[in-house]
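The values are calculated or read from the model by the stated rules, or taken from the named source; none is laboratory data. The structure presented is a predicted model; accordingly, all values stated were derived computationally and were not measured. Counting neighbours? That spans all protein chains shown, and the Cβs are built from the backbone with ideal geometry, glycine included.
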Amino acid sequence: DGPAPAAVPGRAQVFATVVDTFLEKLVAAGSYQRFVNCYRCFYKLQPQLTRSIYDQFISQLQASIKEEVQEVKNEGNLEGLFSSLDKIVEEAKDREEPAWRPSGIPEEDIRSTMVPYLLKHRSHLCRVLREKEEENRKVAESVLMGRNRIAELQQLIQARQQAWQAISKEQQELIMTFQEPQ
Amino acid sequence: MSVDPMAYETQFFGFTPQTCMLRFYIAFQDYLFEVMLVVEGVMLKKLDSIPGCKVSPSQIRKCTEKFLVFMKEHLDKLFAKMEEVVLQLVMNIPKNVLLPEDRVQEQYPYSKEEFQALQDELQQLQQQCRAEAVVEQALRAELEEQKVVTAELEKILQCFDGLENICREHGASNFKESFALLMQSSKKLQDVLKDVEEKSKKMKQRDQLM
């Protein structure tokens with residue numbers, strides 16, 4: 001087995017490399033030779049001091065630049081964001097079509113964010129409606145039974161009424177026979 | 001040349017990548033100037049301490065300017081390259097990449113009409129629920145009324161039952177029969193009475209004749 005293939009450098013690493021390269025080349029451009037060339041008059045007077053000044057200059061410049069980069073990285077949580085973005089890009093690697101991008105019109109873009117809530121609301125309402133309908137069906141049945149019961153009671157009462165009325169009639173007839181003239 | 005606003009990247013990073021690079025550039029430039037001033041300052045101070053120095057401060061100034069111009073040129077060139085790489089490779093979101101926070105956009109790509117239809121459907125469902133609530137109220141109100149009416153009717157029925165119980169207790173359970181019997185008896189009695197009256201009348205008539 002050969003050596004494992006080099007992993008694709010993450011964004012953090014590319015960024016670090018790019019900054020290092022920049023510094024390297026900047027330092028190379030600002031070489032001691034170049035410095036002496038410009039400050040020839042001073043160099044002639046103080047060669048050792050010139051070297052010392054240059055060394056400090058170069059180291060201070062690099063330190064300041066590196067510090068600034070680190071500060072911005074910390075402020076913006078760049079390391080974290082770079083690594084997140086690497087992951088997100090990796091997950092989308094099998095996808096070829098261009099992805100959705102904001103249209104710039106908030107009313108259009110917000111539709112899709114609202115849809116999941118509306119769908120949930122809809123299924124909730126459907127369930128509530130079904131339950132209510134079922135409940136009402138049962139109550140309606142009770143109401144019908146109640147109506148039947150009332151009709152039944154009314155019939156029973158009417159039957160008793162009629163029976164007693166008939167008795168009363170017989171009673172009347174009986175009394176009439178006592179009063180019948182000869 | 002159109003400038004890519006990198007809006008999607010801004011959404012992700014919380015800042016515009018170009019702004020970030022500009023911040024770096026301005027800072028690097030400032031540090032270069034600062035440190036060159038320090039360099040010049042040190043040299044001038046040293047020259048001050050040398051009696052009869054032939055090098056004037058304006059000469060030093062010219063040297064500084066020369067070196068600075070050179071450094072700035074390289075700074076600009078090198079920075080431009082760095083910026084290009086960062087904007088293209090580091091702080092960019094490839095076209096095929098969708099940020100997780102935007103997943104709903106591809107999950108539920110509803111058009112204006114589809115969205116409106118969904119909202120209309122919700123409104124209709126809400127109306128139906130309200131209607132069912134009204135129906136429920138009416139049904140329950142009738143149920144309550146029925147309870148009261150049923151109780152009254154049952155009370156009346158109980159009265160009838162009570163009457164019948166009293167009659168049964170006193171041995172007169174079937175009035176119809178009793179009255180029919182009574183009527184028969186009364187008719188018989190009346191017939192007998194009639195008979196007796198007639199016979200008595202006949203006897204009186206016979207007595208008168210004798």
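Specify the residue that is nearest to the other protein chains (Cβ to nearest Cβ); the eligible residues are those in the stretch B:16-48 that are of a type in the set (Phe, Trp, Tyr) and crowded, with 18+ Cβ neighbours inside 10 Å. Top of the filtered list is B:TYR31.
Being of a type outside the set (D, E, K, R), over 27 Å from B:GLN119 (Cα atoms) and either surrounded by 11 or more Cβ atoms within 10 Å (Cβ to Cβ) or touching a helix residue (DSSP H, G or I) at 6+ places or on another chain (Cβ under 6 Å) (or both) is a condition met by at least one residue of the stretch A:118-140. Considering B:PRO109, B:PRO94, which residue is exposed (fewer than 13 other Cβ atoms within 10 Å of the Cβ), facing chain A (nearest Cβ under 8 Å), not in a helix (DSSP H, G or I) and not basic (Lys, Arg)? So the residue among B:PRO109, B:PRO94 that is exposed (fewer than 13 other Cβ atoms within 10 Å of the Cβ), facing chain A (nearest Cβ under 8 Å), not in a helix (DSSP H, G or I) and not basic (Lys, Arg) is B:PRO109. Taking the stretch B:125-143 only, how many residues are among the β-branched types (Val, Ile, Thr) and either surrounded by fewer than 13 Cβ atoms within 10 Å (Cβ to Cβ) or at pLDDT below 95 (or both)? Selection size over the stretch B:125-143: 1. Exactly one residue out of B:LEU163, B:LEU139, B:LEU125 is facing chain A (nearest Cβ under 9 Å), in contact with a Leu (Cβ under 9 Å, 6 or more places away or on another chain) and part of a helix (DSSP H, G or I): that is B:LEU125. The listed residues are A:SER142, A:SER123, and the only one of them that is under 60 Å from the mean Cα position of the chain (by Cα), within 9 Å of chain B (Cβ to nearest Cβ), polar (S, T, N, Q) and in a helix (DSSP H, G or I) turns out to be A:SER142. The set of residues from the stretch B:53-91 being more than 7 Å from chain A (Cβ to nearest Cβ) and touching a residue at least 60 places away in the same chain (Cβ under 8 Å) comprises B:GLU83, B:LEU87, B:MET91.
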